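Student: Here it is, the structure, as structure tokens.
The values are calculated or read from the model by the stated rules, or taken from the named source; none is laboratory data. All values derive from a computational prediction rather than experimental measurement. Don't worry about glycine lacking a Cβ; one is built from the backbone with ideal geometry, like all the others, and counts go over all protein chains shown.
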Amino acid sequence: MINDTIAAISTPPGWGGIGIVRISGKDAFSVIERVFKPVKPYNLEDIKTQTVKYGHIVDTNNNETIDEVLVSYFKEPHTYTRENIVEINCHGGALIVKRILELVVFSGARIAEPGEFTKRAFLNGRIDLSQAEAVIDIINSKTNAARKTSLNQLEGRLSQKIKKIRNVFVESIADIEAAIDYPEYDIEEVSRNKLLERMKLSLENVDKLVKTFFEGKIIREGIDIAIIGKPNVGKSSLLNALTQKEKAIITEVPGTTRDIIEEYIEIGGVAVRILDTAGLRETKDIVERIGIDRTKSAIEKADLILLVLDGSEPINSNDLKIFEIVKDKKVILLINKSDLEIKLNINEINQDFIQKRIIEVSAKEELGLDKIEETIKDMFLRKEFEIDNQLIITNLRHKQVIKEVKKEIEEIIDSINGDTPIDIISVSIVEAADKLGEITGETVGEDVLHTIFSKFCIGK
């Protein structure tokens, strides 16, 4: 049972039109009563839930009026935390909200820890752990796709799937116990056959979830794309064309870009971070060499390489060296300056790159940009992918747990086929069920809870 009352500023730091101080706990109404003076007095016992009152926050130590406010009352259990909640809507000055929070704490509340309101929602049974994690994912969403997948999880779609798989384990354990407790009915063989069917189906369901993580990671974190090539092939022009911004300086002088320039765009509902890099070549210029080193680092970390070639020039030794650098990466080969006479002979590119995706573009005239976007979507998102209808794993913790469960099920199936005693098999099934419970929070440890909620902002 949680007995104390917490408070925090729930709006971002800084200045704005409105600031919100949130209070939650058994004494939330008593705390607000000590600092709030309504214009029209009322009895707290008679107040209805989801009621807003107008008045002033007053420092009773010196009877000083701090601000004109609206106070919202939410009565347990139909609240975010399933506790009494009060929200003070004041003016958004940093000094004002801080002063109000100080008065609230002085009147009996304590400062909330990061994510403690959502943690209480979990501990009080309003949401499970995967739904709690979806809250921070929604807050951190960079794109509409990320928001939709997080909202699906907040609505409990992942929880329902996990519980359905877990229930198969629980039913299997019950059958095994029946076989052990009533050997005279000779039901072990029946239980073993049924168990094998169940485990194969569970393995199939778990494997489907694991396979969604690649797309889930992309939706949640986005794609890092590095534009690379030798100097003066049009990398900066391409960045400007893709982002529709004059982000990079464009000149005819080779080596203009000496550091990483980045910009974000959205492709197919996914956040894409595009990196314009220094041209790769041999140079004695110290500053340019530092930029080239950073380019090589960006290549290593990038999910995709846009390798730009100058279509108005033949392939040279510098291009061939770059091919070697990116040979093990996902690459789209862009033949730039297609608005000019093409002098590049595609047959001079090594055979590995003949198999790569090759697109003719003109960064200057903005030709071929739609083909780049379509190719990126084709490489990273399934054509049948529908965010509204798909259950997708976006959380690394969930993926790790599900992969461990998958391995456990595979071992259980091997044990069944290998005639391992059924009571021994039941131990592994219990472990798999407990492992799945870590996602919903049914079997999670306090250390895991602390790690998850420490990632939240204070006030949520």
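Student: What are the pairs, 6+ residues apart or on separate chains, where a residue within the range 30-56 that is under 9 Å from VAL71 (Cβ atoms) has its Cβ under 6 Å from a residue that is surrounded by fewer than 10 Cβ atoms within 10 Å (Cβ to Cβ)?
Tutor: Between residues of the range 30-56 that are under 9 Å from VAL71 (Cβ atoms) and residues that are surrounded by fewer than 10 Cβ atoms within 10 Å (Cβ to Cβ), the close pairs are TYR54/VAL39; GLY55/VAL39.
Student: Take the residues in the range 102-127 that are among the β-branched types (Val, Ile, Thr) and not in a helix (DSSP H, G or I); name whichever of them is farthest from THR60 (Cα to Cα).
Tutor: Among those that are among the β-branched types (Val, Ile, Thr) and not in a helix (DSSP H, G or I), it is ILE127.
Student: Exactly one of these conditions fails for ASP370: (1) assigned by TED's automatic domain parsing to the domain that holds PRO231; (2) modelled with pLDDT under 85; (3) surrounded by fewer than 18 Cβ atoms within 10 Å (Cβ to Cβ); (4) within 27 Å of THR212 (Cα to Cα). Give me its number.
Tutor: In the conditions (1) assigned by TED's automatic domain parsing to the domain that holds PRO231; (2) modelled with pLDDT under 85; (3) surrounded by fewer than 18 Cβ atoms within 10 Å (Cβ to Cβ); (4) within 27 Å of THR212 (Cα to Cα), ASP370 misses (2) alone.
Student: Restricting to the range 123-176, name every residue that is farther than 30 Å from LYS200 by Cα and small (Gly, Ala, Ser).
Tutor: GLY125, ALA132, SER141, ALA145, ALA146 - these are the residues of the range 123-176 that are farther than 30 Å from LYS200 by Cα and small (Gly, Ala, Ser).
Student: Let me ask another. How many residues, within the range 153-180, are more than 17 Å from ASP434 (Cβ to Cβ), at pLDDT 85 or above and part of a helix (DSSP H, G or I)?
Tutor: Counting residues in the range 153-180 that are more than 17 Å from ASP434 (Cβ to Cβ), at pLDDT 85 or above and part of a helix (DSSP H, G or I) gives 6.
Student: Right, something else. Might you let me know whether the range 261-284 holds any residue that is in a helix (DSSP H, G or I), in the same structural domain as LYS235 (by TED's automatic domain parsing), modelled with pLDDT under 75 and of a type in the set (D, E, K, R)?
Tutor: no
Student: Continuing with this model, one more query. Within the range 1-36, which residues are aliphatic (A, V, I, L, M) and modelled with pLDDT of 90 or more?
Tutor: Across the range 1-36, the qualifying residues are ILE6, ALA7, ALA8, ILE9, ILE18, ILE20, VAL21, ILE23, ALA28, VAL31, ILE32, VAL35.
Student: Shifting gears a bit: For the range 362-384, check the following and say yes or no: at least one residue is over 30 Å from ILE346 (Cα atoms) and not aliphatic (A, V, I, L, M).
Tutor: yes
Student: For the range 1-37, give me each residue that is part of a strand (DSSP E or B) and surrounded by fewer than 14 Cβ atoms within 10 Å (Cβ to Cβ).
Tutor: Result: ILE18, single match.
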